[in-house]
Number of protein chains: 2
Amino acid sequence: MKKINLDEKFALFNEHWTPKIISELNDYQIKIAKVEGDFVWHNHSDTDEFFFVVEGTLFIEFESETMELNAGELYVVPKGVQHRPYAKGECKIMLIEPRGVVNTGDAESELTASNDVWI
Amino acid sequence: MKKINLDEKFALFNEHWTPKIISELNDYQIKIAKVEGDFVWHNHSDTDEFFFVVEGTLFIEFESETMELNAGELYVVPKGVQHRPYAKGECKIMLIEPRGVVNTGDAESELTASNDVWI
């Protein structure tokens, strides 16, 4: 029975675009990631994806617009919607999605990360 | 396609212990609440419950200990675990749980709130 402090968890790693699992909610996983630079266009055909910005600014490019998320802001990308996250400076985010989701969805690439790393 | 700013959402209401839905993630709901004072002992027999503190301090009393959650801290209360949240001063929290969960779980009381209010 141990609470989770986001700052403490973020202090444990420095690499970008590699989500780390910090807790589970039924069959969903709470993950954190540090991101900077460009991610790949992708979608998740079978699940929505929750993004919450803890620090910094995350941009999510969609086909029709680009969303700017700052600290304290969130967005749930609907399943199947093509999106490309990017960040101009380092940004800390919390993600929630079903256990087993791969970060690059349908678009396997060099940015595809393990989906089973706890921190 | 509209992002959600927690501060803006919290500014829309003042009552305590009345979770408001701000978004959905598949069949889960993202809710926010302002809390202050004592809640009731209860449990949710069929689901875990995600608590994230946005501002202030939330205490969660369990049978064996009391957890103190400050801003930037989270805890997922496992299904079936008796717990009693309380806050000495006003505290702003984000909750995530399956659609339809009632705030007081198995313990209907005067604190039982609607589970279908969007904000």
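Just so it is clear, none of the values below were taken in a lab; they were calculated from the coordinates. Here the structure is a predicted model, which means the values were calculated and not measured. Neighbour counts run over all protein chains shown; Cβ positions are idealised from the backbone, glycine included.
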The lysines whose Cα lies under 26 Å from the Cα of A:K20, excluding any fewer than 8 residues away in the same chain, are A:K2, A:K3, A:K9, A:K31, A:K34, A:K79, A:K88, A:K92, B:K3, B:K31, B:K79, B:K92
Under the 7 Å Cα-to-Cβ spin-label approximation, A:A11 and B:V102 lie apart by a distance in nanometres of 4.3
Computed on Cα atoms only, the convex hull of the protein assembly as shown has an orientation-averaged projected area in nm² of 12.1
Projected onto the charge dipole of the protein assembly as shown (unit charges on the beta-carbon of Lys, Arg, Asp and Glu, signs +1, +1, -1, -1), the Cα from B:N70, A:L74, B:N115 with the largest positive-side position is that of B:N70
Exposed-loop cut sites defined as chymotrypsin sites (Phe, Trp or Tyr not before Pro) in DSSP loop states with at most 15 other Cβ within 10 angstrom; longest site-free run of chain B spans B:63-119
About its Cα centre, region A:16-104 carries a charge dipole, from +1 on Lys and Arg Cβ atoms and -1 on Asp and Glu Cβ atoms, whose size in debye to the nearest 20 is 280
Most exposed first, judged by fewest Cβ atoms within 10 angstrom, A:E36, A:E49 run A:E36, A:E49
FRET efficiency (A:E110, B:N70; Cβ distance; R0 41 Å; to 0.05) is 0.60
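Counting other beta carbons within 10 Å of each residue's own, what order do B:K92, A:K3 fall into, fewest first?
A:K3, B:K92
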With x for Gly and Pro, the residue-by-residue ³J(HN,Hα) of region A:62-74, computed from phi through the Karplus equation 6.51 cos²θ - 1.76 cosθ + 1.60 at θ = phi - 60° and given in whole Hz, is 10, 5, 10, 6, 10, 9, 10, 10, 9, 3, x, 10, 9
In Å, the Kirkwood hydrodynamic radius from C-alpha pairs for chain A sits at 14.3
If the label point sits 7 Å along Cα→Cβ of A:E61, residues of region A:80-115 with amide N under 11 Å come out as A:83-87
